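As structure tokens, the structure follows; a few thoughts come after it.
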Amino acid sequence: MLLEINHLKKVFRTRFSKEATHALQDVDFKVERGEFIAIMGESGSGKTTLLNILAALERPTDGTVILNGENITKIKENRLADFRLKNLGFVFQEFNLLDTLSVKDNIFLPLVLARKNYQEMEERLAQIAPKLHIQDLLKKRPFELSGGQKQRVAIARSLIANPQILLADEPTAALDYRNSEELLNLFEAINADDQTILMVTHSANAASHAKRVLFIKDGRIFHQVYRGNKSNQEFNKDISLAMSVLLGGE
């Protein structure tokens, strides 16, 4: 088992009030290596809080997150940045690329921080660039790229350190339909190479590219559906039905 989330709770309290907001309440699930999981739910349901805890950006109030045998909720602050760098990849809707650097240097950033030698950086890039169709973009600056191209570069940056899990937060939100489909097809191809992916999304179409979808409501796992042998279109219908039940409160 690659990832185990056990009885996860997160309570937010304001500084000058006794009122508490329960963002997560007893969240429990497991992730096998090589899975592609989408996480869905209404705004305020707790899915972003869950992703932040899995990314070791927030601490839970209670419960554990075990990644490959290590409880990441107990890692000391001075080790967290190094842990994230070595184990986690991130893809955000805003791309977070630096316009002052070339595409290649943006992709190399995690390896520079990890103090890898330049030859190793070039070797890893040579493996990733063709898969993401970015060989012709490496000398450009991010401001010269389209949204879809920027997101492919961001994915390359997240993958170059060989993360155990790729965490994606609404990765298609800033893209049009064509670029969204290209990105999601890339995720499927990456996942086929045994890369584990957890993706938060509002889109049933985006979620239909995953193998399993978890639905969160009021800070709890409300339901889950598996793709099995269904096509994306068939799975999309299952997801849409589950979302309608979730929104309807039945």
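The values are calculated or read from the model by the stated rules, or taken from the named source; none is laboratory data. Computed from a predicted model, the values in this text were never measured in an experiment. Here the Cβ positions follow ideal geometry from the backbone for every residue, glycine too, while neighbour counts run over all protein chains shown. The accessibility values were calculated without ligands, DNA or RNA, using every heavy atom of the protein model including side chains. Shrake-Rupley method; radii C 1.70, N 1.55, O 1.52, S 1.80 Å.
See the values below:
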item	result
Options Leu101, Leu2; residue that is touching an Asp or Glu at 6+ places or on another chain (Cβ under 7 Å), surrounded by 12 or more Cβ atoms within 10 Å (Cβ to Cβ), over 18 Å from Ile221 (Cα atoms) and touching a residue at least 40 places away in the same chain (Cβ under 8 Å)	Leu2
Conditions (1) in contact with a Leu (Cβ under 9 Å, 6 or more places away or on another chain); (2) in a helix (DSSP H, G or I); (3) not β-branched (Val, Ile, Thr); number of the one not met by Leu101	(2)
Some residue of region 211-224 being open to solvent by 20 Å² or more (accessible area, probe 1.4 Å) and under 15 Å from the mean Cα position of the chain (by Cα)	yes
Tally of residues being surrounded by fewer than 19 Cβ atoms within 10 Å (Cβ to Cβ) and either under 21 Å from Ala129 (Cβ atoms) or in contact with a His (Cβ under 6 Å, 6 or more places away or on another chain) (or both) across region 149-180	2
Condition check for Phe108: open to solvent by less than 10 Å² (accessible area, probe 1.4 Å), aromatic (Phe, Trp, Tyr) and under 23 Å from Gln151 (Cα atoms)	yes
Selected residue (only one of Ala38, Ala23 is under 19 Å from Ala242 (Cα atoms) and in a strand (DSSP E or B))	Ala38
Set Leu80, Leu51: member being hydrophobic (A, V, I, L, M, F, W, C), crowded, with 16+ Cβ neighbours inside 10 Å and in contact (Cβ under 8 Å) with a residue 12 or more places away in the chain	Leu51
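Residues are listed down the side, and each one gets a yes or a no for (1) at pLDDT 90 or above; (2) small (Gly, Ala, Ser); (3) within 24 Å of Leu184 (Cβ to Cβ); (4) touching a strand residue (DSSP E or B) at 6+ places or on another chain (Cβ under 7 Å):
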{"site": "Gly34", "(1), (2), (3), (4)": "yes, yes, yes, yes"}
{"site": "Met40", "(1), (2), (3), (4)": "yes, no, yes, yes"}
{"site": "Lys76", "(1), (2), (3), (4)": "yes, no, no, no"}
{"site": "Asn96", "(1), (2), (3), (4)": "no, no, yes, no"}
{"site": "Pro110", "(1), (2), (3), (4)": "yes, no, yes, no"}
{"site": "Ala114", "(1), (2), (3), (4)": "no, yes, no, no"}
